[in-house]
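Only one structure is covered here, and it is reproduced in the block below.
The values are calculated or read from the model by the stated rules, or taken from the named source; none is laboratory data. Keep in mind that this is a model prediction, so the values were computed, not measured. Every residue, glycine as well, gets a Cβ built from its backbone with ideal geometry; the counts of neighbours run over all protein chains shown. Accessible surface areas use protein heavy atoms only, side chains included; no ligands, DNA or RNA. Shrake-Rupley method; radii C 1.70, N 1.55, O 1.52, S 1.80 Å.
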Amino acid sequence: MTTTRMAAAAAGVLLVAVAVAGVARGEDPYVFFEWKVTYGTKTLLDAPQKVILINGEFPGPRINCSSNNNIVVNVFNQLDEPLLFTWNGMQHRKNSWQDGLAGTQCPIAPGTNYTYKWQPKDQIGSFFYFPSLGMHRAAGGYGGISVVSRLLIPVPFDPPADDHMVLIGDWYTKDHAAMAKMLDAGKSFGRPHGVVINGKSGKAAADPPMFTVEAGKTYRLRVCNVGIKASLNFRIQGHDMKLVEMEGSHTVQDMYDSLDVHVGHCLSVLVDADQKPGDYYAVASTRFIHEAKSVSAVIRYAGSSTPPSPAVPEPPAGWAWSINQWRSFRWNLTASAARPNPQGSYHYGQINITRTIRLMVSRGHIDGKLKYGFNGVSHVDAETPLKLAEYFNVTDGVFRYNQMTDVPPAVNGPLHVVPNVITAEFRTFIEIIFENPEKSMDSWSAEERKTYNLLDGVSRHSVQVYPRSWTAIMLTFDNAGMWNVRSNIWERHYLGEQLYISVVSPARSLRDEYNMPENALRCGKVVGLPLPPSYLPA
């Protein structure tokens, strides 16, 4: 269930992600990775700078797997500072231990390693990973995740000739540590300096070609916006794109000549190599900011010696175009695939919504420094990860639950800077309204529920909230754990626009949640404590 209304144009897009739902059964095939994470120097936007490499690669290695595979990633931190990876869009059913955020895990110390183990349980689709601490995300360290359906599960399109990951994102030439210091000092690092595609910019992005295709064949492109601030528009010179999947959901297969991809979003398109053999530009351009930046990569037909036309297609203009396109996306309810409601056991219009949470973006200054938050609370990470404090029952002195109310304060008072953790009752459906005022807005009211798409709104892990607008979503909290709701605009995330939702199963059963992994790192108040009693057998 997703609905958006926009009253006027402004700046800023809010992206949120939540892990939800699930039941795990049995053992499945394993896929192993070993990552050595280091700093390296890359020349991007005509400037050499320090980036985060994985096994010497930027972007990092692609994780190719099937639904329900056991993914084992042994991360060796060879940086000079702590490190964590998060798996954007992975639901981690019963397993928030592997979510890779400061609220769920202790960081991997320099010179040490940690092995993640997680499953894309009953998931398919296109996702990506990135380093989650501080401003690491601005330095690279990201890579794609492709989860294909298991054998014998039909997919609603013919197998493509090849499957390519296209990672697009804005880019800054400032060092990530310097960017963090600017935010700590109350300064913004401003607009991005450019755009990169698969870790390249400028002439390096166009030569050699990004992909080579054969005339008459069809190709799948998984496009993810891995940037930190700017929405991007993606298009291919002379070619239309058929949208077939979005963040784990097969979509109604409509054709588009360009697609807006917001920060944190992923989607899949099929592209027919049906044009005159030659070279063609794939273009990503910033949206909704002054002085638009672009990057162009070449898609080459096999045997081509014809350079691309200099007439690069322009991106669309305005917020209304983007909203109208987003409203055209529909879930393919006839496709056989992993999805939250595979047996049709509930119908959206008949769900008992037990709680409504209205989250208003808050912005203010503390000691002269800019902070962001929700409903007057700006999140700050605790020394002891929230999940560990809860598991060991040592939350006193670490955080208190429910310091944020379910409705925005009547008067926009001062921000409270604390770990922001709210509770949600296990196995309930909750409506969340994200309100992005940007000075003024068209407010949400209960009457607006009549405008919701209760039939085929796309199930996804991220959603944009346009300026002076609201977006309504529905979440089912049948996945016990500690889950992060965050802005994917990383400046806002760093400055507190995030919260955690604690979902506890009263049964304390292994049916509902795994015990803390044996290799879990310890820090803060849980160092040296005896393990709590195990959850009960299912």
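Structure data summary
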{"item": "Which listed residue is in a loop (DSSP other than H, G, I, E, B), open to solvent by less than 30 Å² (accessible area, probe 1.4 Å) and over 19 Å from Ser502 (Cα atoms), from Gly457, Gly413, Gly364", "result": "Gly457"}
{"item": "Selected residue [at positive phi and either within 25 Å of the chain's Cα centre (by Cα) or not assigned by the TED database to the domain that holds Ala282 (or both)] from Gly227, Gly202, Gly216, Gly190", "result": "Gly190"}
{"item": "Which numbered condition Lys450 misses (of (1) without any contact (Cβ under 8 Å) to a residue 60 or more places away in the chain; (2) not in a helix (DSSP H, G or I))", "result": "(2)"}
{"item": "Any hit, region 143-151, residues being of a type in the set (Val, Ile, Thr) and either modelled with pLDDT under 95 or under 24 Å from Thr384 (Cβ atoms) (or both)", "result": "no"}
{"item": "Wholly enclosed strands (runs of 3 or more DSSP E) of region 133-235 bearing at least 1 residues closer than 23 Å to Glu497 by Cα", "result": "162-171, 218-225"}
{"item": "Failed item in (1) outside the structural domain of Asp396 (by the TED database); (2) in contact with a Leu (Cβ under 9 Å, 6 or more places away or on another chain); (3) not polar (S, T, N, Q), with Leu455 passing the rest", "result": "(1)"}
{"item": "Residue among Ile299, Ile351 that is touching a Phe, Trp or Tyr at 6+ places or on another chain (Cβ under 7 Å), at pLDDT 85 or above and either among the acidic types (Asp, Glu) or on the phi < 0 side of the Ramachandran plot (or both)", "result": "Ile299"}
{"item": "Criterion (among the small types (Gly, Ala, Ser), assigned to a loop (DSSP other than H, G, I, E, B) and either surrounded by fewer than 20 Cβ atoms within 10 Å (Cβ to Cβ) or in contact (Cβ under 8 Å) with a residue 40 or more places away in the chain (or both)) met by exactly one of Ala389, Ala382, Ala424, Ala472", "result": "Ala382"}
{"item": "Subset of region 42-67 [surrounded by 20 or more Cβ atoms within 10 Å (Cβ to Cβ) and in contact with an Asp or Glu (Cβ under 7 Å, 6 or more places away or on another chain)]", "result": "Ser67"}
{"item": "Filter pass, Thr86 being of a type outside the set (Phe, Trp, Tyr), under 16 Å from Pro517 (Cα atoms) and open to solvent by less than 10 Å² (accessible area, probe 1.4 Å)", "result": "no"}
{"item": "Qualifying positions in region 124-135 - over 15 Å from the mean Cα position of the chain (by Cα) and of a type outside the set (A, V, I, L, M, F, W, C)", "result": "Gly134"}
{"item": "Pick from region 294-310, criterion out of contact with any Ser or Thr (no Cβ under 8 Å at 6 or more places or on another chain) and of a type in the set (Ser, Thr, Tyr), ranking: farthest from Ser258 (Cα to Cα)", "result": "Ser305"}
{"item": "Residues (more than 17 Å from the chain's Cα centre (by Cα) and either part of a strand (DSSP E or B) or assigned by the TED database to the domain that holds Phe128 (or both)) located in region 260-278", "result": "Val269, Leu270, Val271, Asp272"}
{"item": "Positions within region 143-170 being open to solvent by 10 Å² or more (accessible area, probe 1.4 Å) and within 23 Å of Trp35 (Cβ to Cβ), in sequence order", "result": "Val148, Asp163, His164, Met165"}
{"item": "Matching residues in region 483-538 - criterion: being under 30 Å from His265 (Cα atoms), charged (D, E, K, R) and either part of a loop (DSSP other than H, G, I, E, B) or at pLDDT below 95 (or both)", "result": "Glu497, Asp512, Glu513"}
{"item": "Residue tally, condition on the phi < 0 side of the Ramachandran plot and in a loop (DSSP other than H, G, I, E, B), over region 279-296", "result": "5"}
{"item": "Within region 290-300, tally of residues that are surrounded by fewer than 21 Cβ atoms within 10 Å (Cβ to Cβ) and more than 16 Å from Val196 (Cβ to Cβ)", "result": "3"}
{"item": "For Glu497: the one exception among (1) acidic (Asp, Glu); (2) open to solvent by 30 Å² or more (accessible area, probe 1.4 Å); (3) under 24 Å from the mean Cα position of the chain (by Cα)", "result": "(2)"}
{"item": "Any hit, region 109-119, residues being more than 13 Å from the chain's Cα centre (by Cα), under 21 Å from Asn70 (Cα atoms), of a type in the set (Lys, Arg) and modelled with pLDDT of 95 or more", "result": "yes"}
{"item": "Every residue from region 82-106 that is out of contact with any Ser or Thr (no Cβ under 7 Å at 6 or more places or on another chain) and either of a type in the set (D, E, K, R) or at positive phi (or both)", "result": "Gly89, His92, Arg93, Lys94"}
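For (1) open to solvent by less than 10 Å² (accessible area, probe 1.4 Å); (2) closer than 27 Å to Asn64 by Cβ; (3) among the acidic types (Asp, Glu), each residue gets a yes or a no:
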site	(1), (2), (3)
Asp175	no, no, yes
Met182	no, no, no
Gly190	no, no, no
Leu232	yes, yes, no
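To keep it simple, each residue is scored yes or no on (1) at pLDDT 95 or above; (2) assigned by the TED database to the domain that holds Lys187; (3) of a type in the set (D, E, K, R).
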site: Arg358; (1), (2), (3): yes, no, yes
site: Leu370; (1), (2), (3): no, no, no
site: Gly373; (1), (2), (3): yes, no, no
site: Val377; (1), (2), (3): yes, no, no
site: Ala382; (1), (2), (3): yes, no, no
site: Asp396; (1), (2), (3): yes, no, yes
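Residues checked against (1) at pLDDT below 95; (2) in contact with a strand residue (DSSP E or B) (Cβ under 8 Å, 6 or more places away or on another chain):
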| site | (1), (2) |
| --- | --- |
| His347 | yes, no |
| Leu386 | no, yes |
| Tyr401 | no, yes |
| Asn412 | yes, yes |
